[in-house]
Ligand SMILES: NC(=O)c1ccc[n+]([C@@H]2O[C@H](COP(=O)([O-])OP(=O)(O)OC[C@H]3O[C@@H](n4cnc5c(N)ncnc54)[C@H](OP(=O)(O)O)[C@@H]3O)[C@@H](O)[C@H]2O)c1
């Protein structure tokens with residue numbers, strides 16, 4: 001049996017299957033929120049499965065997506081496959097092409113297309129949950145990985161004025177800045193000295209690394225603090241609260257990117273509220 005075939009329990013055979021390609025060691029909340037929405041919307045013939053896919057199994061996993069017998073309608077794609085899956089796809093949305101990574105894949109008659117809902121998920125959460133509009137604002141991005149790139153693009157699409165990218169590996173920040181030559185972007189090594197200096201002209205600080213800065217003295221009430229990491233709270237959000245800064249965690253982004261993927265597969269309206277309800281214990 002092939003890599004995905006052996007991960008589809010026989011009770012789900014014949015159903016419309018969606019799921020997530022994920023490293024076997026990583027946790028995910030996605031099956032919980034998607035299956036809750038299927039249940040509440042009465043979509044009894046749909047199920048969302050976790051597919052453990054190691055890097056060396058990715059090509060075989062993608063060819064399983066083309067197998068009509070498995071009836072897989074699409075998958076989410078997460079670390080470490082978001083970029084490495086690109087060569088195996090038949091087409092990309094303009095969003096995925098700009099970001100250079102996919103988080104959602106749709107299958108259609110043996111063809112596979114990639115999209116990316118991370119940027120839209122971030123912006124809609126920032127505006128609607130955080131009541132923060134990036135138009136005309138100055139931002140700092142702490143991190144320069146896949147999520148950082150999606151967020152950078154969505155911020156400029158929403159008329160951000162300037163961006164400072166601070167990253168552990170300076171070359172990655174420089175490469176990211178070069179991708180958007182028409183925008184006001186500065187880069188620096190991610191360290192406390194550079195952060196203190198960048199925060200002097202900053203309306204919003206966004207962490208897109210696994211663990212953001214934790215010193216509350218860094219922040220002031222005039223800086224909005226956003227942590228892409230999701231969970232009940234994080235050391236960064238605790239520091240922001242102590243400093244009196246408005247702040248928001250990444251759960252809203254997770255919910256919104258997931259609801260947008262759900263909509264791409266099923267044609268239904270994105271079930272934001274149902275997915276939020278499914279994850280209420282994690283907020
Ligand atoms: N809320 C959501 O829906 C959502 C969606 C996607 C991601 N996220 C969060 O965003 C974070 C980044 O995800 P990603 O997809 O961008 O990952 P990624 O592509 O692997 O990038 C990771 C980033 O974190 C930096 N980093 C990793 N470990 C570090 C360390 N020990 N010290 C300092 N910097 C470190 C990396 O720096 P280098 O360039 O130097 O390696 C890079 O900038 C994840 O931890 C995840 O929690 C949330």
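The values are calculated or read from the model by the stated rules, or taken from the named source; none is laboratory data. What you are looking at is a predicted structure, and each value in this text was computed from that prediction instead of being measured. As a convention, Cβ positions derive from the backbone with ideal geometry for all residues, glycine included, and neighbour counts pool all protein chains shown.
A few comments on the model shown:
- Filter result for residue 140 (farther than 19 Å from residue 254 by Cα, within 15 Å of the ligand (Cβ to nearest atom), in contact with a strand residue (DSSP E or B) (Cβ under 6 Å, 6 or more places away or on another chain) and touching a residue at least 24 places away in the same chain (Cβ under 8 Å)): yes
- Of all residues in region 59-68, at least one satisfies being part of a loop (DSSP other than H, G, I, E, B) and either outside the structural domain of residue 97 (by TED's automatic domain parsing) or surrounded by fewer than 19 Cβ atoms within 10 Å (Cβ to Cβ) (or both).
- Restricting 123, 153, 112 to those that are touching a helix residue (DSSP H, G or I) at 6+ places or on another chain (Cβ under 6 Å) and farther than 24 Å from residue 248 by Cβ reduces the list to 112.
- Picking from residues in region 146-205 that are surrounded by fewer than 16 Cβ atoms within 10 Å (Cβ to Cβ) and assigned to a strand (DSSP E or B), the one that is nearest to the ligand (Cβ to nearest atom) is 189.
- Test: residue 96 is in contact with a strand residue (DSSP E or B) (Cβ under 9 Å, 6 or more places away or on another chain), within 16 Å of the ligand (Cβ to nearest atom) and in a loop (DSSP other than H, G, I, E, B): no
- Tally of residues being surrounded by 17 or more Cβ atoms within 10 Å (Cβ to Cβ), assigned to a loop (DSSP other than H, G, I, E, B) and away from the ligand (no atom under 13 Å from the Cβ) across region 206-237: 2
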